[in-house]
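Asker: The structure that follows is given in the form of structure tokens.
The values are calculated or read from the model by the stated rules, or taken from the named source; none is laboratory data. This is a predicted model, so every value here is computed, not measured. In this analysis, Cβ positions are derived from the backbone assuming ideal geometry, glycine residues included, and neighbour counts consider all displayed protein chains.
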Amino acid sequence: MLEPHYKLTFMPGRAGVNATGRGVLSMSGLSYGVVRVDQENSLTSLTLQDCGQVMPGSCIVVVKMEGTSYLCKTDEVGEICVNSPATGSQYWGLTGVSNNTFRVAPLMPDGAALSDAEYTRSGLIGFLGPGGLVFVCGSRDGLMTVTGRKHNADDIIATVLAVEPMKFIYRGRIAVFSIKVLRDERICVIAEQRPDCSEEESFQWMSRVLQAVDSIHQVGIYCLALVPPNYLPKTPLGGIHLSESKRRFLEGTLHPANVLLCPHTCVTNLPKPREVHLDEYFKQAQPNYVNQIGEDQDVGPASVMVGNIVQGNRLASAMGRDMGIIDEESDSARKYQFISEILRWRAISTSEHVIFTLLNSKGGVASVLTCSQLHKRAERVGSLLLERAKINTGDHVALIFPPGIDLICAFYGCLYVGAVPVTIRPPHPQNLQTTLPTVRMIVDVSKSVLVLSNQNVIKLLRSKEASNVVDIKSWPVILDTDDMPKKKLTAMYRAPTAEMLAYLDFSVSTTGMLAGIKMSHAAVTSLCRSMKLACELYPSRHIALCLDPYCGLGFALWCLSSVYSGHHSILIPPSEVEVNPGLWLTAVSQYRVRDTFCSYGVMELCTKGLGSSVNTLKTRGVSLACVRTCVVVAEERPRINLTTSFSKLFSALGLSPRAVSTSFGCRVNVTICLQGASSPEPNSVYVDLRALRNDRVTLVERGSPHSLCILESGKLLPGVKVIIANPETKGQCGDSHLGEIWVQSPHNASGYFSIYGDESEYNEHFNARLVTGNTGEVYARTGYLGFLRRTETLQAATTQSSVLSDVTDLTSLHEISALNRSTTQPDGSELHDAVFVVGALDETIMLRGMRYHPIDIENSVMRCHKKIAECAVFTWTNLLVVVVELDGNESEALDLVPLVTTSVLEEHHLIVGVAVVVDPGVVPINSRGEKQRMHLRDGFLADQLDPIYVAYNM
């Protein structure tokens, strides 16, 4: 090789007019932009023939490709520029591009101009050899810079074609381009395959191509896709339209027949995984503590607490307002303490007061129930239980009813005779295979001695289809409430005590765990009283309920709250809203409802089903201006996108944007937060998503990079105290840390009745204690991660007179003092502790040393393509699995794989191990509208998803 010196100009010489040159060059050297000779028989060599000599009257220079146009050294590859009277002078109407292309002024290394002459860029990459020979090794358009090395598309195409081209590639048609992923260029290869190739042949060929490109070019291919013959877009002359091919690939409209992504081998610039190292001195000084907490904890909980105090951070603790003082010794307090006794009192004092109205799908009244009617029907159910089933006090009775009045009557009938009701959703007639075993499981796990139901459900349970799933003879005794005794029994009422179980509440969590909680009569009274204070529930109120009444807050609102507070509940089964999406909102308008409760499923039905019907509803006189609070009953992070869409869509009907809010409850406490009528409007904050992965809460401005908007989950109910604790160390967290929400409340559940599975690890869920600070207090662990923020908000105006006008109730007089009690500042603003729920602890995904919440990854995936209807993620052997529902043709399935992989990589620095494309409706959703990710994972592992396509990324 020649010693490096600087190329100036090479003029053609007469003596060398017929000279030719040929060089065997190292492709590795060319990728670094230098000319290096290689062995002739080497696989990694590139043989170049010269392109001839410089034209007479012309002058050629080679300049650097990036930055200022400095001249290249003799052994450097650069862009060839020409000074000649035969070149063009400008592009029509494009001044900027013309200056960059036609007016290049090459510079010497010291910055001095080579000459006054202006050069024109050729767009070709090469170098000048001895004797003025010009060598071209590629074009600037086909150049891809990957991890600092430059690769030419033509070289990659040549390598791909060398792998059995005649058998596989259709007429040699291949498109190679690069896309920007995670701050670097990634190579994509799209090839047209021959029509007669099988899928197995395709993948064999693709794996050979990957090996060939890796061994020859030392670069990984990010995506290798195969399309049908003659499918790639063409230029007018019949060549491949590269920019159009790239656009379709990025938009997800290319529709490949096969695709293989290699992010594991190709992406090498991921941030370093998070590691926590213990200091050696600390290990020696505190060996017992290190053994207790394991090797992954850096600092003990006491140190964290001291650090928070020293830094002036507030320890995360918050309380709802005081519940007021009840005179426990008064006759009325003793006599009407429990829910069954309150119903008996209402049946006498306000016998004709309507407390329940059930609507049908057409908006008509299906049935109405007054206090006395409910009492009489409950007595008849009690008679049925005593006469036919010989029920003893404390026996468990399964209530399998559709949402409606019968469920409520059966519930109070059980309470009247001292039985413990267990409400269970009936099996779905069209899906007995999945839903009936769940019903049977809850009956078995709850140790129910009897099943109460109506004719329609009993007929379904005894049908031939059901007997194929569950043996008819294996059910306990089934009684029909449509066939009740007419006579009334005397002295049948069995009065409860505070510790007695009122009911069992069974629910399947999003992780697939069936858990039943025990609710005592004292807890039921406390829950109802808290909700009454928070929501100002009085007999003159109309409350619309559109949710499932089988567990959690939905059950409490449907069956308990009206009886305790005396308000009128308008019951709208969600199944009726599926038939008539406008039913709920029309009823709210018709009854001038101020407070309404719904589920996310109902809100989604209205948003999707009524999107184009808002004007129709408006002309029919539907107005939502009366709504003061519209609360979504949930056990998850608030879905701010859905609530915002709902608010915006129905603002045309007068819905206040401040009306829509969410509640929060869980298994250990069914209602922790609830947006009350007089509460300040819900707050939202923006937190740094990257900090959240490390269990830290960093507030950022709206629109900041990596920001995540989280909505407050309603206000803490009166009598409820929450703290944020580290789930591993059980030390109290500061306001700036993400931790588990622990709750202390008189309406906490008494404990789990039975957990289907391992019970040992859940024993301390109801009696958790901090290891720092106040270690004497007992809390229940919610299993949800969240944080607290103290904010100042102006309290919504609530006049004492409006409250007093509604006080016609037995428990109201001693509650008024507590009603307006709050932490009010001298300027009229209220100090308010906001609870922000981030996600369930059991569902978090630990990858690369950080904690990821599935919903954040799923939101990124949902944004990447308009044809993705739903998405769910979970882990499998340390691989991230993404399941997406395709709302389109199956030919579009493979478009999603690269887009999903890229979006997760860009936004979360995670590599998707498996991408599964399925039909709409495959991702299981429970009655609360929550994704059952563990159910989906089980289906995936058992190969039961019937996917359109499964991509295993390499």
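Asker: Considering segment 36-68 alone, what residues qualify as being among the polar types (S, T, N, Q) and either more than 19 Å from D154 (Cα to Cα) or assigned to a loop (DSSP other than H, G, I, E, B) (or both)?
Answerer: Q39, N41, S42, T44, Q53, S58, T68 - these are the residues of segment 36-68 that are among the polar types (S, T, N, Q) and either more than 19 Å from D154 (Cα to Cα) or assigned to a loop (DSSP other than H, G, I, E, B) (or both).
Asker: Please count how many residues of segment 752-800 are at pLDDT 70 or above, polar (S, T, N, Q) and out of contact with any helix residue (DSSP H, G or I) (no Cβ under 7 Å at 6 or more places or on another chain).
Answerer: Residues meeting the conditions: 5.
Asker: OK, next. Could you say whether any residue in segment 907-923 is in a helix (DSSP H, G or I) and either in contact (Cβ under 8 Å) with a residue 12 or more places away in the chain or closer than 23 Å to S599 by Cα (or both)?
Answerer: yes
Asker: L436 - would you say it is in contact with a helix residue (DSSP H, G or I) (Cβ under 9 Å, 6 or more places away or on another chain), farther than 23 Å from L560 by Cα and modelled with pLDDT of 90 or more?
Answerer: Against the criterion (in contact with a helix residue (DSSP H, G or I) (Cβ under 9 Å, 6 or more places away or on another chain), farther than 23 Å from L560 by Cα and modelled with pLDDT of 90 or more), L436 qualifies.
Asker: Please specify each residue of segment 842-873 satisfying the condition of being hydrophobic (A, V, I, L, M, F, W, C) and within 24 Å of E604 (Cα to Cα).
Answerer: Just the residues of segment 842-873 that are hydrophobic (A, V, I, L, M, F, W, C), to begin with: 845-847, 850, 855, 857, 861-862, 864, 868-869, 871-873.
Answer for segment 842-873, where residues must be hydrophobic (A, V, I, L, M, F, W, C) and within 24 Å of E604 (Cα to Cα): I855, I857, V861, M862, C864, I868, A869, C871, A872, V873.
Asker: Okay, next question. Kindly indicate whether any position in segment 837-857 is touching a residue at least 60 places away in the same chain (Cβ under 8 Å), basic (K, R) and part of a helix (DSSP H, G or I).
Answerer: no
Asker: Exactly one condition in (1) in contact with a His (Cβ under 6 Å, 6 or more places away or on another chain); (2) touching a residue at least 40 places away in the same chain (Cβ under 8 Å) is false for R208; which is it?
Answerer: Among (1) in contact with a His (Cβ under 6 Å, 6 or more places away or on another chain); (2) touching a residue at least 40 places away in the same chain (Cβ under 8 Å), the lone unmet condition for R208 is (1).
Asker: If you don't mind, another one. Go through segment 69-96 and give me each residue that's loosely packed, with under 13 Cβ neighbours inside 10 Å, of a type outside the set (G, A, S) and outside any loop (DSSP other than H, G, I, E, B).
Answerer: T95
Asker: While we're looking at this one, here's another question. Out of segment 594-640, which residues are out of contact with any strand residue (DSSP E or B) (no Cβ under 9 Å at 6 or more places or on another chain), polar (S, T, N, Q) and not in a loop (DSSP other than H, G, I, E, B)? Steps first, please.
Answerer: Taking segment 594-640 and keeping what is out of contact with any strand residue (DSSP E or B) (no Cβ under 9 Å at 6 or more places or on another chain), we get 604-605, 607-623, 625-626.
Adding the requirement that they be polar (S, T, N, Q) leaves 607, 612-613, 615-616, 619, 623.
Result: T607, N615, T616, T619.
Asker: Moving to a separate point now. Given the residues L407, L432, L436, which is the only one that is in a helix (DSSP H, G or I), hydrophobic (A, V, I, L, M, F, W, C) and either under 18 Å from I355 (Cβ atoms) or touching a Cys at 6+ places or on another chain (Cβ under 6 Å) (or both)?
Answerer: The conditions single out L407.
Asker: Look through segment 141-173, keep the residues that are of a type in the set (A, V, I, L, M) and more than 21 Å from T44 (Cα to Cα), and return whichever of them is surrounded by the fewest Cβ atoms within 10 Å (Cβ to Cβ).
Answerer: Among those that are of a type in the set (A, V, I, L, M) and more than 21 Å from T44 (Cα to Cα), it is M166.
Asker: Let me ask something else about it. Test V267 against the stated conditions and say whether it is hydrophobic (A, V, I, L, M, F, W, C), over 19 Å from G172 (Cα atoms) and touching a strand residue (DSSP E or B) at 6+ places or on another chain (Cβ under 9 Å).
Answerer: Yes: the conditions hold for V267.
Let's see how each residue does on (1) without any contact (Cβ under 8 Å) to a residue 12 or more places away in the chain; (2) surrounded by fewer than 20 Cβ atoms within 10 Å (Cβ to Cβ); (3) within 22 Å of Y70 (Cβ to Cβ):
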site	(1), (2), (3)
A112	yes, yes, yes
S122	no, yes, yes
G131	no, yes, no
V181	no, no, no
S198	yes, yes, no
E201	no, yes, no
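Asker: Tell me, which helices (runs of 4 or more DSSP H) lie completely within segment 466-570 with 3 or more residues that are farther than 24 Å from E352 by Cα, among the small types (G, A, S) and touching a residue at least 40 places away in the same chain (Cβ under 8 Å)?
Answerer: Fully inside segment 466-570 and qualifying: 521-535.
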